[in-house]
There are 4 protein chains.
Amino acid sequence: METKIKLFITGGTIDKKYNELDGSLGFHQTHFPAMLSQARNAASVTLDIILMKDSLEMNDTDRALICQKCLECEETLILISHGTDTMVETGKFLSQSLKGKTVVLFGAMIPYSFSTNTDALFNFGFALAAVQLAPSGVFIAMNGKLFNWDTVTKNKQKGVFQTVENA
Amino acid sequence: METKIKLFITGGTIDKKYNELDGSLGFHQTHFPAMLSQARNAASVTLDIILMKDSLEMNDTDRALICQKCLECEETLILISHGTDTMVETGKFLSQSLKGKTVVLFGAMIPYSFSTNTDALFNFGFALAAVQLAPSGVFIAMNGKLFNWDTVTKNKQKGVFQTVENA
Amino acid sequence: METKIKLFITGGTIDKKYNELDGSLGFHQTHFPAMLSQARNAASVTLDIILMKDSLEMNDTDRALICQKCLECEETLILISHGTDTMVETGKFLSQSLKGKTVVLFGAMIPYSFSTNTDALFNFGFALAAVQLAPSGVFIAMNGKLFNWDTVTKNKQKGVFQTVENA
Amino acid sequence: METKIKLFITGGTIDKKYNELDGSLGFHQTHFPAMLSQARNAASVTLDIILMKDSLEMNDTDRALICQKCLECEETLILISHGTDTMVETGKFLSQSLKGKTVVLFGAMIPYSFSTNTDALFNFGFALAAVQLAPSGVFIAMNGKLFNWDTVTKNKQKGVFQTVENA
């Protein structure tokens, strides 16, 4: 009785890679297969790449696409890797349409590919447990805490997610 | 309404360090402060070092001490870092006495200090979410899954934890 | 009869650090003390921070300062950590004034602080041997080869240093 | 006029790998192709695996084989990766037969595969420069210094190589 989990990949710092030729940070292959392997994961997780975008560059067309994918997939347990800057906005957008599914958005402050000091694997592990144990709803999993989409904001000065009262 | 979490440290591969003078693997300082920092953790976690032992060297005196600490601490949410080899034995021992607390045992196949290919942070993140979301009971959190103490075994040939029927 | 070596630090990718709050790459503390420690270095090396600049932002005032420091220091064996983009220009500048000293410029394509896939320590080790064994002159140490300043260029499409005929 | 370099691989800590199933350190594939790639090496280096042994387990039959390989290869510039414990013994053995070649033995205190705190790449870079610049002879390249085979010993309490007077 093992419930299937869908991981929708949308980009964000967690999946960025340093380009040594021009010093930029961008996207190539997703690193999630490597992360699942490093985790020695035995849970049933299927990957699906929707986008590879910095979340500052996401718009509602992108969010509508993510939402549609969440609605259409057979899984009721959904992880979404996402840039931290507009993770809450996407959470809010999804909450308007998704009922009866457990959706957990997560990301990282340091790319997995940097290795040193990256929070990527910790956040991924945290989110994977959260999606298996939380009730239906849309959540943000960052900084060792699970937040409801409507009671969290990213504190950009400190680079952490914090609880706020409902908007 | 943030519930306090206690992390009891007992050793295991997760906290081992390579001794370059003699090529051995042993214990020095626990790495959990560094892990919490790398995780950018904001949950309320207090550390307590009970032991620093390879779990193959644990005996029931050690397990009784761990159990006593779990009973006496004020927290109802308890994480225990532990070697993987006898993690299930400790889980079984604790289940006999602990009621009304959520206890999650976790560890790693590769020390956190090795950095390359370590599952340490992923497992720690997973366990931290599990202890906040699971009901009362004693659990093993490994390989991306949360197991009840009485339906899991470590498959030593494969180095993974797997579900078994109740003993 | 151990000759003293001076390491002049001028910045470059080798010493950059990722800023997780804004996603930029910049300079904080130099990482060379950590690199010497990780190398388990026993050679006599003294550090001196002249600049912490991306070499695309260096100008001849900066180069004149580096040159002055090289002339004034008592050491005849000099290492210079430097950005790769204008390392050859600085080499040329120094060659006009420095006689009777062995000067080796080196850097990296990936910051030491990224850990994964960084060439920083390899290049530093290579340069440290080169400065102890090469004759007087001004050299570039990159990609496992020691180049005279006037027969090397950085191939920016490939991100490697290559021999060219004298300008 | 680029001189070819031969890298003879004999094992040692530098090439060890942690076995997560039984907690042991042993040998699988050599990591030198990965190290050359990470170094972005452009020098002409050919690899040849002679042995994959801990140098405490080496005997004179092994040393005779290494020596034979050094004599027979066409290259005059030879690197030998080797365990640090008996690196000097092998250096002495080789010095008795090898004339007119530059032979540099090197290794590491921490395996390359551990990533964190490894001296592997630094030592490899150092040795690669040394073999291209040193005169004929047999040398030990460790701790940022190039030692003649007959004036060095490994200080096992400190884990470093130090100059001694000729035996």
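The values are calculated or read from the model by the stated rules, or taken from the named source; none is laboratory data. Just so it is clear, the model here is predicted, and its values are computed rather than measured. Ideal geometry is used to build each Cβ from the backbone, glycine not excepted, and the neighbour counts take in all protein chains shown. Heavy atoms of the whole protein, side chains included, go into the accessibility calculation; ligands, DNA and RNA do not. Shrake-Rupley method; radii C 1.70, N 1.55, O 1.52, S 1.80 Å.
For this structure, a couple of remarks:
- Failed item, numbered, when C:Ser97 is tested on (1) without any contact (Cβ under 8 Å) to a residue 40 or more places away in the chain; (2) within 23 Å of A:Leu25 (Cβ to Cβ); (3) more than 13 Å from chain D (Cβ to nearest Cβ); (4) among the polar types (S, T, N, Q): (2)
- Residue in the stretch C:83-90 that is away from chain D (no Cβ under 12 Å), without any contact (Cβ under 8 Å) to a residue 60 or more places away in the chain, of a type outside the set (Ser, Thr, Tyr) and open to solvent by 10 Å² or more (accessible area, probe 1.4 Å) present: yes
- In the set D:Leu94, D:Leu77, D:Leu56, D:Leu71, only one residue is among the hydrophobic types (A, V, I, L, M, F, W, C), open to solvent by 10 Å² or more (accessible area, probe 1.4 Å) and in contact with a helix residue (DSSP H, G or I) (Cβ under 6 Å, 6 or more places away or on another chain); that residue is D:Leu77.
- Taking the stretch A:150-167 as the range and being more than 16 Å from A:Ile80 (Cβ to Cβ) and either more than 11 Å from chain B (Cβ to nearest Cβ) or buried (at least 23 other Cβ atoms within 10 Å of the Cβ) (or both) as the test, the residues that pass are A:Asp150, A:Thr151, A:Thr153, A:Lys156, A:Gln157, A:Val164, A:Glu165, A:Asn166, A:Ala167.
- Among residues that are over 14 Å from the mean Cα position of the chain (by Cα) and in contact (Cβ under 8 Å) with a residue 24 or more places away in the chain, A:Glu57 is not included.
- Hits in the stretch D:132-167 (condition: closer than 22 Å to C:Val104 by Cβ, touching a residue at least 24 places away in the same chain (Cβ under 8 Å) and out of contact with any Phe, Trp or Tyr (no Cβ under 8 Å at 6 or more places or on another chain)): D:Gln132, D:Ala134, D:Pro135
- A single entry from B:Leu94, B:Leu105, B:Leu77, B:Leu121 fulfils the requirement of being in contact with a Cys (Cβ under 6 Å, 6 or more places away or on another chain) and modelled with pLDDT of 95 or more: B:Leu94.
- Candidates A:Ala42, A:Ala108 - the one that is within 12 Å of another protein chain (Cβ to nearest Cβ), free of Cβ contacts under 8 Å to residues at least 24 places away in the same chain and not charged (D, E, K, R): A:Ala42
- Subset of the stretch C:30-40 [crowded, with 18+ Cβ neighbours inside 10 Å and of a type outside the set (Lys, Arg)]: C:Thr30, C:His31, C:Phe32, C:Met35, C:Leu36, C:Gln38, C:Ala39
- D:Phe147 vs. criteria open to solvent by less than 50 Å² (accessible area, probe 1.4 Å) and within 9 Å of chain C (Cβ to nearest Cβ): no
- The residues of the stretch C:146-167 include none that are of a type in the set (Asp, Glu) and part of a strand (DSSP E or B).
- If the condition is being touching a strand residue (DSSP E or B) at 6+ places or on another chain (Cβ under 8 Å) and among the polar types (S, T, N, Q), then the stretch D:30-72 contributes D:Thr30, D:Ser44, D:Thr46, D:Ser55.
- Residue tally, condition touching a residue at least 24 places away in the same chain (Cβ under 8 Å), out of contact with any Leu (no Cβ under 6 Å at 6 or more places or on another chain) and outside any loop (DSSP other than H, G, I, E, B), over the stretch C:111-121: 4
- A:Val103 fulfils the conditions (1) part of a helix (DSSP H, G or I); (2) open to solvent by less than 10 Å² (accessible area, probe 1.4 Å) except for a single criterion, (1).
- Residues that are basic (Lys, Arg) and out of contact with any strand residue (DSSP E or B) (no Cβ under 7 Å at 6 or more places or on another chain) within the stretch D:146-160 comprise D:Lys156, D:Lys158, listed in sequence order.
- Test: residue in the stretch D:122-144 that is more than 16 Å from the chain's Cα centre (by Cα), assigned to a loop (DSSP other than H, G, I, E, B), within 13 Å of chain C (Cβ to nearest Cβ) and within 29 Å of D:Glu74 (Cβ to Cβ): yes
- Selection of the stretch A:18-29 for residues being surrounded by fewer than 19 Cβ atoms within 10 Å (Cβ to Cβ) and either of a type outside the set (Gly, Ala, Ser) or on the phi > 0 side of the Ramachandran plot (or both) yields A:Asn19, A:Leu21, A:Asp22, A:Gly23, A:Leu25, A:Phe27, A:His28, A:Gln29.
- Residue count for the stretch C:41-53, restricted to those that are surrounded by fewer than 19 Cβ atoms within 10 Å (Cβ to Cβ), within 30 Å of D:Gly107 (Cβ to Cβ) and not hydroxyl-bearing (Ser, Thr, Tyr): 2.
- Checked against the criterion of being under 15 Å from the mean Cα position of the chain (by Cα) and more than 29 Å from D:Asp119 (Cβ to Cβ), the stretch B:31-46 contains one or more residues that satisfy it.
- Checked against (1) open to solvent by 30 Å² or more (accessible area, probe 1.4 Å); (2) assigned to a loop (DSSP other than H, G, I, E, B), C:Ala108 passes all but a single condition, namely (1).
- Test for D:Thr118: is it at the interface with another protein chain (Cβ under 9 Å from one of its Cβ atoms), closer than 17 Å to D:Phe161 by Cα and hydroxyl-bearing (Ser, Thr, Tyr): yes
- Complete set of residues in the stretch D:118-135 that are out of contact with any strand residue (DSSP E or B) (no Cβ under 6 Å at 6 or more places or on another chain) and surrounded by fewer than 24 Cβ atoms within 10 Å (Cβ to Cβ): D:Gln132, D:Leu133, D:Pro135
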